[in-house]
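Let me give you the structure first, and then I'll get to my questions.
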Amino acid sequence: MESTDSKNIPVVIFCGGKGTRMKEETEFKPKPMVTVGGMPILWHIMKIYSHHGYNKFILTLGYKGNYIKDYFLKHKLMTADFVMRNGEVVNAYTDMNHDFEIVFADTGEDTGTGERLLKVKKYISEEQFMVTYGDGVSDINITKLVDFHNNTANVVGTITGVHPTSKFGLVNVDENHRITSFEQKPRLSDFVNGGFMVFNQEIFDYLKEDQMIEDALIDLANEKKLAMYKHTNFWQCMDTYKDFEDLNKLWDKGAPWKMWE
């Protein structure tokens, strides 16, 4: 499952957006810190990668970025029983330890995702790296995604195609215009970008200031240098407050993206 060079591949996670469609949760904290099962969704995303051996992360901070820094600086103590002697912590008892290596990079509050990625280029010395958004979880096999990218000729990047779930019910009718059935929140047959992406260093030639990463993806697609890895199992992003509620309900039922122990 784990490739020998996996720990050398960094993962860039976009963490700078304001999450305006989730004001109930994001007014006082950044969207990646909204909790699912008591832990920030950012932590869940990092655990997905870590499960496959990818433990190097670059977080592109923006809106309330200090909140994210503060959380990880205090994470161990905030999730542990600990002993304090003479005002200093001398021992902490926790089962929440991890092997993350994290770069916290301030990339501006109103910066586009393409420019955010461009701003952290200095932290990426490897020929290959991964990128994802700070609000989506999946049971995707990251190792297979990387292998797919490496086995696809003449591409600069690979995105993960997923089937989204419609937020609206669909109505089916027969030839006489009679309704035959209702489908509540059906899974659509089309693919959207699920956010789990792999790139070579050449992607930086396509990035510009004041740009979203999707603009660079369009340019790559036009040059036939972008591939899609199809993931047909579980995927869900946290775009609205309803998504937040749904993910927490899924967590209580076993969380299909929780592949770690």
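The values are calculated or read from the model by the stated rules, or taken from the named source; none is laboratory data. Bear in mind that the values here come from a model prediction, so they are computed numbers and not experimental data. For neighbour counting, all protein chains shown are included, and Cβ atoms are generated from backbone atoms with ideal geometry for every residue, glycine included. What goes into the accessible areas is simple: the full protein's heavy atoms, side chains included, and nothing from ligands, DNA or RNA. Shrake-Rupley method; radii C 1.70, N 1.55, O 1.52, S 1.80 Å.
Six or more apart or on different chains, Cβ atoms under 9 Å: show the pairs whose first residue is in segment 184-196 and farther than 21 Å from PHE14 by Cα and modelled with pLDDT of 75 or more and whose second is open to solvent by less than 100 Å² (accessible area, probe 1.4 Å) and part of a loop (DSSP other than H, G, I, E, B).
Listed by first residue and then by second, the contacts come to SER189/HIS163; ASP190/HIS163; ASP190/PRO164; PHE191/HIS163; PHE191/PRO164.
Confirm whether THR240 is out of contact with any Lys or Arg (no Cβ under 7 Å at 6 or more places or on another chain), at pLDDT below 95 and among the β-branched types (Val, Ile, Thr).
No, not satisfied.
In segment 149-158, is there at least one residue being within 21 Å of ASP215 (Cβ to Cβ) and among the hydrophobic types (A, V, I, L, M, F, W, C)?
yes
Which strands (runs of 3 or more DSSP E) sit wholly inside segment 130-178 and have at least 3 residues that are more than 20 Å from ASN233 (Cα to Cα)?
Ranges flagged: 170-173.
Then there is this: Name the one entry in ALA216, ALA221 that is free of Cβ contacts under 8 Å to residues at least 12 places away in the same chain, open to solvent by less than 90 Å² (accessible area, probe 1.4 Å) and of a type in the set (A, V, I, L, M, F, W, C).
From the options ALA216, ALA221, the qualifying one is ALA221.
Separate question: I need a count of the residues in segment 237-256 that are loosely packed, with under 14 Cβ neighbours inside 10 Å and under 14 Å from THR35 (Cβ atoms).
Of the residues in that region, 3 qualify.
Kindly indicate whether any position in segment 67-85 is of a type in the set (Lys, Arg), more than 18 Å from THR240 (Cα to Cα), surrounded by 14 or more Cβ atoms within 10 Å (Cβ to Cβ) and modelled with pLDDT of 90 or more.
Within segment 67-85, one or more residues are of a type in the set (Lys, Arg), more than 18 Å from THR240 (Cα to Cα), surrounded by 14 or more Cβ atoms within 10 Å (Cβ to Cβ) and modelled with pLDDT of 90 or more.
Would you check if THR152 is surrounded by fewer than 13 Cβ atoms within 10 Å (Cβ to Cβ), in contact with a strand residue (DSSP E or B) (Cβ under 9 Å, 6 or more places away or on another chain) and in contact (Cβ under 8 Å) with a residue 60 or more places away in the chain?
The answer is no for THR152.
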